[in-house]
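The values are calculated or read from the model by the stated rules, or taken from the named source; none is laboratory data. Keep in mind that what you see is a predicted model, and the values were worked out from it rather than measured. For neighbour counting, all protein chains shown are included, and Cβ atoms are generated from backbone atoms with ideal geometry for every residue, glycine included.
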Amino acid sequence: MVDVLSLARVAESAAQPRLRRVRPAPLRDAATSAPQPVVPVLLTVGEPQPAARSLAKRWFDRTSAALGLIVLLPFLLLVALAIRVQSDGPALYRQQRIGLGGKSFTIWKFRTMNVDADAHLHGLLRHHGRAGAPLFKVPHDPRITVLGRSLRRYSIDELPQLVNVLRGEMSLIGPRPQRPDEVALYRPEHVARLQVRPGLTGLWQVHGRSELGWDDAVQLDLQYVHHWSLRLDVHILARTARAVLRADGAV
């Protein structure tokens, strides 16, 4: 379990954006419990969004998440049962991710991989030459179960994150939350992703999903951070529904 991030220092300036140095607590590998390197992250905090617009977004997020959980509850239970029947291990998978302002939180997903998947991640990344990029995606990932491929194809595995939205840790729309060791690889300009709550979907997901490389994906995320609006959120939600139904760019 990853400890909550602590903000070590805030440098204040009247003419420039504020800077926060975020120093994660020591990470421990889920399989070996060995401590992982700690890398400070310099977080640029932009101008605050207008309060009325931010409140409207939070109201929309939480209301939609609550309704979604109520309507989808029978389906979610069936998916959980199918996962337990199809493979050994729990139906739900939890992992530490980095959210708004560099704070750590626990994300929930339906489990789509073998139970020991995390222990093999870095070896697979090195094998495919992707260990140095802040997007830990393995092509043709052998850790994914048969049922897991179907769940990922239609993004069903992400539905438990409606709980994260309801708790205020995530939004319906925003950059996808990343692992602490992915965030540790950010360049300074990438840290602006952390100025908004991470989302279930975003511009990245409606422009290719897993087909996009990191450079293209992060540019879309930064475009959202700097230009988000409720109208844009509704547009992304509509495009997400179409992308999911067509399985565009699915892993």
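Per-structure values
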quantity	calculated
Some residue of region 197-218 being among the small types (Gly, Ala, Ser), out of contact with any Gly (no Cβ under 6 Å at 6 or more places or on another chain) and on the phi < 0 side of the Ramachandran plot	yes
Residue within region 98-109 that is of a type in the set (Lys, Arg) and in contact with a helix residue (DSSP H, G or I) (Cβ under 6 Å, 6 or more places away or on another chain) present	yes
Residues of region 157-177 classified as surrounded by fewer than 19 Cβ atoms within 10 Å (Cβ to Cβ) and assigned to a helix (DSSP H, G or I), total	2
Exclusive hit being modelled with pLDDT of 90 or more and either closer than 25 Å to Leu125 by Cα or surrounded by fewer than 16 Cβ atoms within 10 Å (Cβ to Cβ) (or both), set His207, His235	His235
Residues of region 194-217 satisfying the condition of being in contact (Cβ under 8 Å) with a residue 60 or more places away in the chain, outside any loop (DSSP other than H, G, I, E, B) and of a type outside the set (S, T, N, Q)	Leu194, Trp214, Ala217
Residue match in region 178-193 (condition: under 11 Å from the mean Cα position of the chain (by Cα), over 18 Å from Arg62 (Cα atoms) and assigned to a loop (DSSP other than H, G, I, E, B))	yes
Hits in region 84-112 - residues which are out of contact with any Lys or Arg (no Cβ under 7 Å at 6 or more places or on another chain) and free of Cβ contacts under 8 Å to residues at least 60 places away in the same chain	Arg84, Val85, Asp88, Arg94, Lys109, Phe110, Arg111
Within region 70-111, tally of residues that are touching a Ser or Thr at 6+ places or on another chain (Cβ under 6 Å) and among the polar types (S, T, N, Q)	2
